[in-house]
Structure formats: structure tokens, C-alpha cells
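Enquirer: One structure is given below, represented as C-alpha cells, and several questions about it will come after.
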Amino acid sequence: MKEKATRHEMPCQDPVIRAHNFDEVALGYSKETAVAEAKRCLQCKKPLCVGSCPVEVLIPQFIKKITEEDFAGAGEVLKEKNSLPAVCGRVCPQESQCESKCVLGIKDEPVAIGRLERFAADYQPAMGKSKVSVPAPTGKRVAIIGAGPAGLTCAGDSAKKGHAVTVFEALHVAGGVLMYGIPQFRLPKEVVQSEIDNLKAMGVEIKVNTVVGKITSVDELMAEGYDAVFLGTGAGLPNFMGIPGENLNGVYSANEFLTRANLMKAYRFPEYATPIKVGKRVAVLGAGNVAMDGARTSLRLGAKEVYIVYRRSRTEMPARVEEVEHAEEEGVKLYLLTNPIKLNGDDRGWVKSMTCLRHELGEPDESGRRSPVPIPGSEFDLDVDTVIVAIGQGPNPLLTKSTPGLELNKRGNIVVDPETMETSKPGVFAGGDIVTGAATVILAMGAGKKAAAAIDKYLKNM
Amino acid sequence: MYKVANRRQLAPSIVLFEVEAPEVAQKVEPGQFVIVRTDEKGERIPLTVMDFDRTKGTITIVVQDVGYSSAIINQMTERSAFLDFIGPLGVPTEIENYGTVVCIGGGLGIAPIYPIARALKEVGNQVVAVLGSRSADLLILEEEMRAVSHEVVIATNDGSAGVQGFVTDGLAYILNQGKTINAVWAIGPVVMMKAVAEFTKPLGIKTIVSMNPVMVDGTGMCGACRVSIGSETKFACVDGPEFDGHLVDFDLAMQRLSYFKDEENRARARLQCNHEGGHH
């Protein structure tokens, strides 16, 4: 009989302190806590958790290794299925995936699978490089466009099959959204870099500064001898509200704001040369994880008041509950059922306030969420000097426009066979946000994994 | 790394760099730009291409020392290398035979107008160049421009070379000769491009300008470079950098260029402090 233990909390930096630094918020389990938490796992014969993991991590097996205090072994088990476990242990929404299916969760709280994954994944780099087994080369070459979660996963899985993999990345570093989007305090860049270094150690070649669609094209890569191509270029074009005043100074897209802070390390300006400007009162439009990242980064850059402005209510907020909680603990305020209709500027062209309209919830819309209905005559002005627009993004057309024969849907996303991730162009596969529209890291990784399996099959049948 | 193959001081604060970037050189066309970064802590700086040599595999850019990062670039030597050199970015110039075209370059803007003038001449246009600068000593690439134009008109604010006044005075001078102008390209400071567009609009002369707003990634991801074109918001990095000058909201462009002025001054001050051997 197992002794009944409650789920172990993960220590975090104190909210008052962490709201002013860029160090990681969650501090990770100690060995003792990890073992104790791992022992809560029932080691189900037919584990439901695995079935709801997009990359099918062998969850009971890696947790068993932790109970045996074979931490390096736990890491090895993780890597069999997951090319980026230290990333997933931090940013996956486990509460709606693996942990949501945990049998313990029916009466009690589920096993903290995410925290254990993070623990096991972090253990290895701390203990030095793991051994890399490189399979016999197949002689086939795979080109991967975009070094984000989808592309890196596809690269790792393809390399494990023995294919020669080259990843082409437009920015000056690999990692995609893991580097430019998710902040240091949630996902340290050193963690991402170490995962990328692991892939390089497996023989994956990464070519940065290479904008496919400009310096080369998919057709040219195939003519150069790549046998298959995976497109994982992400959701790259920021949406704006389409309201007056959005081009005022002080108004950023979340992409710009976070890219300055994360990729360019503007939070260390002027040591790092890229500037960022945050005023005293910041409004972040939107309520997804990106909005939370923008809000919490603003606080850390010295903003006194930070508001999340969202037209629906708390229940409909797309961000993870944990992210909203963290943001609120740090002092971010929520302006719910509120939508801006106009940004007002001063005589020098800087945003000074936002005219908003209050809303109430009406009937459910096509997304199943109750739709916000404006309340007539409820206009009010909110004084702000910085606005961050975090209402999603569309597909970047740079690559798709330069690739003839690629079927796109009306939004401009690439159409694929959902089983194989194959596009309408032979030998070309795609996955991640460029297919689905803006979604999560793990869904992109799942797509990269599926595509790698299909690419392997395709290459074998060539 | 992208080595500096050749460095040439064109004017007191303006330097030409020929950079080894063979893959970019294979694909670049007039009107496009690159993004460069000098070092690990550096900014991503967009620079419109001045020249390219597909055989040698080089790209030529011209940099004016106007802030922290451009000052760092201009200190580079023929032994230096850029850490990152990304391109070609943006949409190339629409090169076709328009008839008679005027290529206006103001200040540093003469550099990007150069390959456009050359390409326009190569396809059969009658090319008249108007080169503007504050004074004769700041006028760059005059010889190069003469080689790719049928006629060159120079305008300096102080009259130390050519006609005294602005590039619009140079343009008026050409019109006064009775020439019919089919199209104008104008690249330079925003105020200059605005003046040219205002000058040509009532005359109905097609006028293309090249916008150089604040950018970060240069591939459409960040939206920092938004410009208003006929009241529609566009991203200069992927929709431009060239736009119909008669539709551009130049006042907005000037306002947006001032976004990080305070920070630029802070960085600049730090550079001077470092020069004097001081530390914070």
C-alpha cells in the first residue's frame, strides 16, 4: 500500500522580490521533494497521462527512475520522446494535458508531472553532458525551416533516425519563440540553449541568419539535394486592434516588446545596445500567456501600474491559470469586460490614455465562450503611457509566398494532412503555428514529432 | 562572421564597408536591405544596400555615425567582421523602362539610390540624378553616381557645390529645362522625402520613397516598422521599404523615428564616456 502524500508545491521566488528581477520565478524541486512526489505516481498499467501528451513522453517510466533516484536515467527516458524536456517541464500546460488525466486527480490532486519533468531534465546538464548515440547515417537529407519548437523537435527526431538534418533560422539565434517570446524569468535562455546544444551534439546543423523565402527557397533547397523539407516558421505577423491611435509612440506589439526584452536583452540596456521604453502605467491588451508575459516584463522594467485589459471575463481568459496567478501575485491588475476603442495621444505623438468601453457577457459565440457585448454609454478613459497589443498573430507570408504549389487556407495557414503533416507539395511537410495559427509550444512540438515520423516513412519509400 | 573586405571613409562621419556575404550577394536586388549586428550585445541595424558583387560575393553598405550602434560600426576596420549579416530583406525596386527618371539622394540616401539608378539606366531609362547634402564636404559618391546617370544635378544647403538650396530646387531646375519626368525615386531624410513628394504630387509625377523606420527583426514579426500608407498600416520590412511617396504619412514616420531618442542619447553618452576611459 502506498502512503497517501499530497502534491508537493514547487518553491518560487517571493512575488514582491521577483517582480523586480529577471531571475527564474519557479525554483524547481529538490532531490528529496522530487523523489517524494515521484512516489505518489501509481505506475498505472494503462497510463492515461501518456495518451494526452502530444509527444507521448513515457511518463510512468521516467517517474519510476526518479523514485529509484536514477535521475540521469529519468532524463534519458524523457529524451527518448521529447527533444526539449527542460522547456516542456516549464512551459507546457500540464494541467490540461497529462496531469488532467492522472488517476490520482479524480479524488486528490494529480502527480506533478511537469515539475518532475523539469527536475529530471535539469539534472543532466548540471551533471555534465549526456552520452549521445548517433545512429548510422541513412544518406538522406532533411531541411527544416524555422528553429522554433516544431522545427527543433522535427530536427531531433529526424536526427535520431539517422537523417542528415539542417535547420534554417531567420533570426541570429535558434529557439524561435523560446528565445524571443517567452521571458527569461519563465524560461531561462540558458536552458533553451542547452537543449539546442544537445541537438547539435546529435549532429543537427543549424544555420542562423538565413531567411528562407529571401536568401533561398524551398524549391532551391530541394534542388540542392534535400530529400524532404519541414516548414515550421511559426505565427509571425502581429495583429493589431485596428482602432485609432495604434501607431502612436508607446504602443508596441507584444512581439516587439518581448523580442526587445528577451532576444535582444534590452532589460540590460545600455550594456546591451537595444533599447526598450516602459512608462509608469502600462495596458496590455489581451489575456493569453503572451499578454501575461508582456505584463510581467513591464513590471520588471519599472512600470508602476500594469493592467491586463480584456473584453471577456476571468473564466474566458486563454492564459494558463498559473500564469494569471503569478501575474496577479506580482501586482498586475485585471481590467476585465473592458475593451479599448481608441488610443489618445499627446501633442508629441505619445500615447497618454485609452478610451474604453465596458462589456457584459452575452450568448456563447462560435468558440463556445460567452461573447462580450458592449454596454452603451459606458465609455471611460484609462490613463496609460505604454500599450502592449497581445491579441494574437497571423501567419508570416514570407515563406509561403515564395513557395509555389503550397496549399493555404483562407487565413494563410498551410494546409496539411493531419495524420502525416504532409502539405500539397510532395516531400514538403509543415507543423506548428504556421499550420494551426498561434497555439502552444507543446502542440507545435507534437506536430514536429508527427512530421518527423512521416518524413522518415517518406524517405524510406523513396 | 562576415568580414569587412574594404573600408572607405566617404565623409567625416560616413563610411563605406564592402562586406563578405556571398549568399546574400547572390540574391540581393536594388532597393533591398540587410540587417547587421556587430557583436553579442549589439542591436540589429537595418541598412539599405548600396552595392553588391555577385562574383566577389560582397555587399556594400554605407553607414553614417548618428548613434551608438552606427558609431561602433564606423570604428570597424578591414580586420573586423560583423557577427550577423541578414538579408536580402524587403521588396526589390520595380525596375522597368519608365522613360526619364529622376533619382534623388539626400545625404546618406545617395548610397541606396545608387544601385537603383544603375539598374534603371541598364534597362534603358534616361536617368537624371539629384544629389543633395548640407555642404560639399558631406556630399558622397558623386563619381559613382555620375557613372550610372546621364546627368547629375547637385544641390547643397550652403551653396558650396551645385545649386544652393534643397533637392527640390534641383528637381525644379530639371523641370525648368523642359524635361518630362516619368518617375522619381527619392531616398534621404524623412523631411526631404516629404518635401519631394509634396513637390511632385500636384505635378502628378509617380514618386517612390524608401522608408527607414525603427526595426527589430526585419521579417514582419515585430511590427516596429509600421508606416501608414494611404491610411492603411503597412510593415516597411516586408511590404516595403519602398512606397508610393504620395500615400506615405511622413509626419507619423518622423514621430515614430523619435520613439527611442532618449535611449539613443543615453547609449551615445555611454560611448563618449567609454572613449574618455571612464566607467560607470
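Enquirer: Report the accessible area of B:D251, computed with a 1.4 Å probe over the heavy atoms of all protein chains in place, in Å² rounded to the nearest 10.
Expert: Surface accessible to solvent at B:D251 totals approximately 90 Å².
Enquirer: Starting from the Kirkwood radius over alpha-carbon pairs of chain B, derive D by Stokes-Einstein at 4 °C in a medium of 1.567 mPa s and give it in µm² s⁻¹.
Expert: Working: Rh = 19.1 Å.
Taking Rh from Cα pairs, D becomes 68 µm²/s.
Enquirer: Right, something else. Filter the GluC sites (Glu not before Pro) in the stretch B:193-280 down to the DSSP loop ones having no more than 11 other Cβ atoms within 10 Å, then list what survives.
Expert: Sites meeting the loop and neighbour criteria: B:E276.
Enquirer: For the stretch A:215-303, what is the relative contact order in percent, using Cα pairs closer than 8 Å and at least 6 residues apart in sequence?
Expert: Value for the stretch A:215-303: 20 percent.
Enquirer: I've got another one for you. Just the accessible area per residue of chain A, please: how many Å² with a 1.4 Å probe?
Expert: 40
Enquirer: Let me ask another. Per residue of A:249-259, how many C-beta atoms from partner chains lie within 10 Å of its own C-beta, taken as a mean?
Expert: 5
Enquirer: Can you pull out the trypsin sites (Lys or Arg not before Pro) in the stretch A:276-315 whose DSSP state is coil and whose Cβ has at most 16 other Cβ atoms within 10 Å?
Expert: A:K280, A:K304
Enquirer: Go through the stretch A:212-259 and name the GluC sites (Glu not before Pro) that are in a DSSP coil and have 15 or fewer other Cβ atoms within 10 Å of their Cβ.
Expert: Here the GluC sites (Glu not before Pro) that fit, given the DSSP loop and packing criteria, are A:E224.
Enquirer: If you don't mind, there's one more thing I want to ask. How would you rank A:428-436, B:13-21, B:95-103, highest first, on the average number of other Cβ atoms within 10 Å across their residues?
Expert: Ranked by mean Cβ neighbours within 10 Å, highest first: A:428-436, B:13-21, B:95-103.
Enquirer: How would A:H8, A:H172 rank on accessible area, largest to smallest, probe 1.4 Å?
Expert: Final ranking, largest accessible area leading: A:H8, A:H172.
Enquirer: Same structure again: Rounded to the nearest 500 deg cm²/dmol, what is the calculated helix-only ellipticity per residue at 222 nm for the protein assembly as shown, with -39500 (n - 2.57) per DSSP H run of length n ≥ 4?
Expert: Rounded to the nearest 500, it is -8500 deg cm²/dmol.
Enquirer: May I ask you to derive the relative contact order of chain A, considering only C-alpha pairs under 8 Å and at least 6 residues apart, and to give it as an integer percent?
Expert: Relative contact order for chain A comes out at 16 percent.
Enquirer: What's the buried accessible area, both sides, between B and A using a 1.4 Å probe, rounded to 100 Å²?
Expert: Counting both chains, the buried surface is close to 3800 Å².
Enquirer: Cα centroid distance between the stretch B:68-87 and the stretch B:190-268, in Å?
Expert: 24
Enquirer: Out of the total accessible area of the stretch A:271-384 (probe 1.4 Å, heavy atoms of protein only), what percent is carbon and sulfur?
Expert: 48
Enquirer: Now, a different point. Determine the dipole magnitude for chain B: charges of +1 sit on the beta-carbon of Lys and Arg, -1 on that of Asp and Glu, nothing else is charged, the reference point is the Cα centre, and the result goes in debye to the nearest 20.
Expert: On the way: 25 positive and 34 negative charges, 19 e Å.
Here the size comes out at about 100 debye.
Enquirer: Towards the positive end of the charge dipole of chain A, with charges on Cβ (+1 Lys, Arg; -1 Asp, Glu), say which of A:Q43, A:G412, A:G245 has the farthest Cα.
Expert: Projecting each Cα onto the dipole axis, the largest value belongs to A:Q43.
Enquirer: May I pose another question? Give the relative contact order (percent, whole number) for the stretch B:2-89; include only Cα pairs under 8 Å separated by 6+ residues.
Expert: Reported as a whole number, the value is 39 percent.
Enquirer: Could you tell me whether the stretch A:324-371 comes out rounded, prolate or oblate from its Cα gyration tensor? Rule is a ≥ b ≥ c as square roots of the eigenvalues, rounded for a/c under 1.5, then prolate if a/b exceeds b/c, otherwise oblate.
Expert: oblate
Enquirer: Based on the alpha-carbon gyration tensor of chain A and its eigenvalue square roots a ≥ b ≥ c, which shape applies: rounded if a/c is under 1.5, prolate if not and a/b is larger than b/c, or oblate?
Expert: Because a/c hits 1.5 or more and a/b fails to exceed b/c, chain A counts as oblate.
Enquirer: To the nearest 20 debye, what charge dipole does the protein assembly as shown have about its Cα centre, counting +1 at the Cβ of each Lys and Arg and -1 at the Cβ of each Asp and Glu?
Expert: Dipole size: approximately 1300 debye.
Enquirer: Quick one: grab the alpha carbon gyration tensor of the stretch A:214-355, order the square roots of its eigenvalues as a ≥ b ≥ c, and give me rounded if a/c is under 1.5, else prolate or oblate depending on whether a/b is larger than b/c. The partial results should precede the final answer.
Expert: Values: a/c = 1.84, a/b = 1.63, b/c = 1.13.
Here the stretch A:214-355 falls in the prolate category.
Enquirer: Would you mind listing how long the stretch B:93-200 runs along its three principal axes, going by Cα atoms, in whole Å with the largest first?
Expert: Between the extreme Cα coordinates on each principal axis of the stretch B:93-200 lie 35, 25, 24 Å.
Enquirer: Right, next: Order A:R358, B:R54 by their accessible area, 1.4 angstrom probe, all chains in place, largest first.
Expert: A:R358, B:R54
Enquirer: Continuing with this model, one more query. For peptide B:68-75, how many partner chain Cβ atoms fall within 10 Å of a residue's Cβ, on average? Intermediate values should be presented prior to the final figure.
Expert: Working: counts 3, 2, 0, 0, 1, 0, 0, 0.
Taking the mean over all residues of the peptide, I get 1.
Enquirer: Please report the accessible area of A:S100 (heavy atoms, 1.4 Å probe, ligands and nucleic acids excluded) in Å², nearest 10.
Expert: Surface accessible to solvent at A:S100 totals approximately 60 Å².
Enquirer: Which whole number gives the average, over all residues in A:273-283, of C-beta atoms from other chains lying within 10 Å of the residue C-beta?
Expert: Counting other chains' Cβ atoms within 10 Å and averaging over A:273-283 gives 4.
The values are calculated or read from the model by the stated rules, or taken from the named source; none is laboratory data. Keep in mind that this is a model prediction, so the values were computed, not measured. A quick note on method: Cβ atoms are made from the backbone with ideal geometry, for glycine too, and the neighbour counts reach across all protein chains shown. Calculation scope for accessible area: heavy atoms of the full protein, side chains included, ligands and nucleic acids excluded. Shrake-Rupley method; radii C 1.70, N 1.55, O 1.52, S 1.80 Å.
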